[in-house]
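For reference, the structure discussed in these notes is given below.
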Amino acid sequence: MRKALLPVESDDAGFTLIELTMAMAGVSLVMVMMIAMMGAVTRVDNDTTNEKEVLDNLRFTRLLLEREIREADVVFADSNDFRLHIWSDADGDDTLDADENIVWTPAYEGGGVFRLQRRDGAGNTLLDDSLLVLPADGSPLFGYDSPPPGTGRVTLTLESEFRLGNSTAARNLVSQVSLRNSKNAGGTGP
Ligand SMILES: [Ca+2]
């Protein structure tokens with residue numbers, strides 16, 4: 001009895017080994033597929049995170065500039081496509097105080113990328129977080145409805161690049177801001 005059973009047990013063992021090998025191969029295949037899928041999901045997730053971060057920064061920069069331009073009283077004549085020179089009479093005393101004499105210019109970081117820098121006459125300097133590039137469509141950073149100092153509305157074109165897979169993509173935000181307190185509609189500033 002016992003002897004008769006032995007070969008059967010042996011056969012069972014061999015069959016189980018083949019089964020096990022096949023099962024392991026199957027599991028390996030599924031794991032490889034899962035890892036590949038997770039890689040793809042992570043890449044898409046990274047792209048989305050990059051784009052979201054860039055857009056969040058751009059929106060914050062736009063908010064900062066919009067608020068400042070809206071409150072500005074004068075856009076000085078030396079303003080141009082890449083330089084915005086304004087007077088924001090914060091204390092309303094009709095006098096140009098040092099900290100109300102504000103210049104926004106690009107500060108180049110290299111590699112075609114720059115940050116906006118805000119300087120005032122009191123020596124305060126602020127460097128914005130957004131990494132900007134020149135607008136691909138050739139739009140100026142600062143556009144004017146009428147040449148400074150007769151400006152009543154400033155158009156901002158803020159553009160950033162972010163990684164998309166193995167390449168880069170660009171997003172821009174365009175915003176038109178009217179000077180609410182304009183003292184220089186007639187074209188004369190201090
Ligand atoms: Ca003042």
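Taking the number of other C-beta atoms within 10 Å as the exposure measure, put Ser79, Ser139 in order starting with the fewest.
Details: Ser79 21, Ser139 17.
Least crowded to most crowded, the residues run Ser139, Ser79.
In terms of surrounding Cβ atoms within a 10 Å radius of their Cβ, Ser182, Ser28, Ser130 rank from fewest to most as Ser28, Ser182, Ser130.
Under the classification rounded if a/c is under 1.5, otherwise prolate if a/b is larger than b/c and oblate if not, where does the stretch 85-151 fall, given a ≥ b ≥ c as square roots of the Cα gyration tensor eigenvalues?
Numbers: a/c = 3.67, a/b = 1.48, b/c = 2.47.
Oblate shape, in that a/c is at least 1.5 and b/c is the bigger or equal ratio.
Measuring between their Cα centroids, the stretch 24-94 and the stretch 138-176 lie 13 Å from each other. Ellipticity at 222 nm from helices only: DSSP H runs of n ≥ 4 in the chain, each -39500 (n - 2.57), divided by the residue count, give -14000 deg cm²/dmol. Here the translational diffusion coefficient of the stretch 33-178 follows from Stokes-Einstein with Rh set to the Kirkwood radius across Cα pairs; for 10 °C and 1.306 mPa s it amounts to 95 µm²/s. Considering only Leu156, Val133, Asn166, the residue lying farthest towards the positive end of the dipole of the stretch 33-178 is Asn166, judged by Cα position with unit charges set on Cβ. Between Asp91, Asp78, Asp129, the GNM of the chain built on Cα springs shorter than 10 angstrom shows Asp91 fluctuating the most.
Can you put Leu141, Leu84 in order of Cβ neighbours within 10 angstrom, beginning with the fewest?
Numbers: Leu141 23, Leu84 26.
Ordered by Cβ neighbours within 10 Å, fewest first: Leu141, Leu84.
Between Ala25, Ala40, Ala107, which gets the highest mean-square fluctuation from a Gaussian network model of the chain, Cα cutoff 10 Å? It is Ala25.
Across Asn80, Asn46, Asn124, mean-square fluctuation computed from a Gaussian network of the chain (C-alpha pairs under 10 Å connected) peaks at Asn124. Close amide H contacts of Arg153 (hydrogens built in the peptide plane, cut-off under 5 Å, sequence separation of 5 or more or a different chain): Asp145, Ser146, Leu179. Computed from Cα positions, the angle between helix 2-71 and the longest principal axis of the chain comes to roughly 0 degrees. Between Thr16 and Ser146, the simple spin-label model (points 7 angstrom out along Cα→Cβ) gives 9.4 nm.
Full extension of the chain between Met34 and Arg70 yields a length gain of 7.7 nm, computed as 0.36 nm times the residue separation minus the alpha carbon distance. Between Gln176 and Leu63, the simple label model (points 7 Å from Cα in the Cβ direction) yields a spacing of 2.4 nm.
None of the figures in this text is laboratory data; all of them are computed from the coordinates on show. All of these numbers come straight from a predicted model, not from anything done at the bench. Neighbour counts are summed over all protein chains in view; Cβ atoms, including those assigned to glycine, are modelled from backbone coordinates with ideal geometry.
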